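A.B. asks: Attaching a single structure in structure tokens format; questions to follow.
The values are calculated or read from the model by the stated rules, or taken from the named source; none is laboratory data. Predicted model, so just to flag it, every value in this text is computed and none were measured. Every residue, glycine among them, receives a Cβ derived from its backbone with ideal geometry; neighbour counts consider all protein chains shown.
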């Protein structure tokens, strides 16, 4: 009887802690992205599928919240490849469970104090447009920001690092 009670207690504790840690709110995610507002300088390293080797290049981003909305504009600047410059807008869902079409899988504070948000979405990738799961990992502090994309092709178990942006906050003037 004691074993059953212990088992039930442990199960309930695990279930309760999982439910509590899974509750990610809109306000928390929105605040996280608001903290990213500003100008960041760094590098993009990506996997060149043709050669199978990583390639790095300078990359900067300016992040701004669109007025009082749940949208953020990412102005991507590539100093050595200005034709690749782009503007992306991301939206945080009203319940905080999605960043655009990416399902928020977790949000946690790392031992060093950085915030880590992990999302996943499905799509196609590679030179032959194979179905895949994309895992996006956003890791940031007041002075650093990394945005990593890993790919797992359907039917495979290995995750491939597709690209990673690594930035340092540019001081305000």
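A.B. asks: Only one of 39, 9 is on the phi < 0 side of the Ramachandran plot and modelled with pLDDT under 95; which?
C.D. replies: Among 39, 9, only 9 is on the phi < 0 side of the Ramachandran plot and modelled with pLDDT under 95.
A.B. asks: Let me ask something else about it. Please enumerate the residues belonging to the stretch 114-137 that are under 23 Å from residue 42 (Cβ atoms) and out of contact with any strand residue (DSSP E or B) (no Cβ under 7 Å at 6 or more places or on another chain).
C.D. replies: none
A.B. asks: If I ask for residues that are assigned to a strand (DSSP E or B) and closer than 22 Å to residue 110 by Cβ, which ones from the stretch 143-161 would you list?
C.D. replies: Step one: filter the stretch 143-161 for residues assigned to a strand (DSSP E or B), giving 144-153, 160-161.
Passing the criteria: 144, 145, 146, 147, 148, 149, 150, 161.
A.B. asks: Would you be able to tell me the number of residues in the stretch 110-130 that are exposed (fewer than 10 other Cβ atoms within 10 Å of the Cβ) and either closer than 15 Å to residue 143 by Cα or modelled with pLDDT under 95 (or both)?
C.D. replies: The total comes to 5.
A.B. asks: Out of 145, 140, 153, report the one residue that is in contact with a strand residue (DSSP E or B) (Cβ under 8 Å, 6 or more places away or on another chain) and farther than 22 Å from residue 26 by Cα. First the steps, then the outcome.
C.D. replies: Values: 145 fails: farther than 22 Å from residue 26 by Cα; 140 fails: farther than 22 Å from residue 26 by Cα.
Being in contact with a strand residue (DSSP E or B) (Cβ under 8 Å, 6 or more places away or on another chain) and farther than 22 Å from residue 26 by Cα holds for just one of 145, 140, 153, which is 153.
A.B. asks: Right, here's the next one. Please determine, by comparing only the residues of the stretch 55-91 that are within 21 Å of residue 168 (Cα to Cα) and without any contact (Cβ under 8 Å) to a residue 12 or more places away in the chain, which one is surrounded by the fewest Cβ atoms within 10 Å (Cβ to Cβ).
C.D. replies: Taking the candidates together, the pick is 82.
A.B. asks: Taking the stated definitions as given, is residue 19 surrounded by 13 or more Cβ atoms within 10 Å (Cβ to Cβ), out of contact with any helix residue (DSSP H, G or I) (no Cβ under 7 Å at 6 or more places or on another chain) and modelled with pLDDT under 85?
C.D. replies: It is false that residue 19 is surrounded by 13 or more Cβ atoms within 10 Å (Cβ to Cβ), out of contact with any helix residue (DSSP H, G or I) (no Cβ under 7 Å at 6 or more places or on another chain) and modelled with pLDDT under 85.
A.B. asks: Hey, does the stretch 37-52 have a residue that's closer than 23 Å to residue 143 by Cβ, touching a helix residue (DSSP H, G or I) at 6+ places or on another chain (Cβ under 9 Å) and in a strand (DSSP E or B)? Can you show your working first?
C.D. replies: To start, the set of residues in the stretch 37-52 that are closer than 23 Å to residue 143 by Cβ comprises 37-45.
Keeping just the survivors that are touching a helix residue (DSSP H, G or I) at 6+ places or on another chain (Cβ under 9 Å) gives none.
Looking for residues that are closer than 23 Å to residue 143 by Cβ, touching a helix residue (DSSP H, G or I) at 6+ places or on another chain (Cβ under 9 Å) and in a strand (DSSP E or B), one finds none in the stretch 37-52, hence no.
A.B. asks: Which condition from (1) free of Cβ contacts under 8 Å to residues at least 24 places away in the same chain; (2) on the phi > 0 side of the Ramachandran plot is the one that residue 126 breaks?
C.D. replies: (1)
A.B. asks: Among the numbered criteria (1) part of a strand (DSSP E or B); (2) at pLDDT below 95, which one does residue 96 miss?
C.D. replies: The failed condition is (1).
A.B. asks: Inside the stretch 162-173, can you point out the residues that are closer than 10 Å to residue 40 by Cα and in a loop (DSSP other than H, G, I, E, B)?
C.D. replies: If we filter the stretch 162-173 for residues that are closer than 10 Å to residue 40 by Cα, which is where we start, we get 166-171.
170, 171 - these are the residues of the stretch 162-173 that are closer than 10 Å to residue 40 by Cα and in a loop (DSSP other than H, G, I, E, B).
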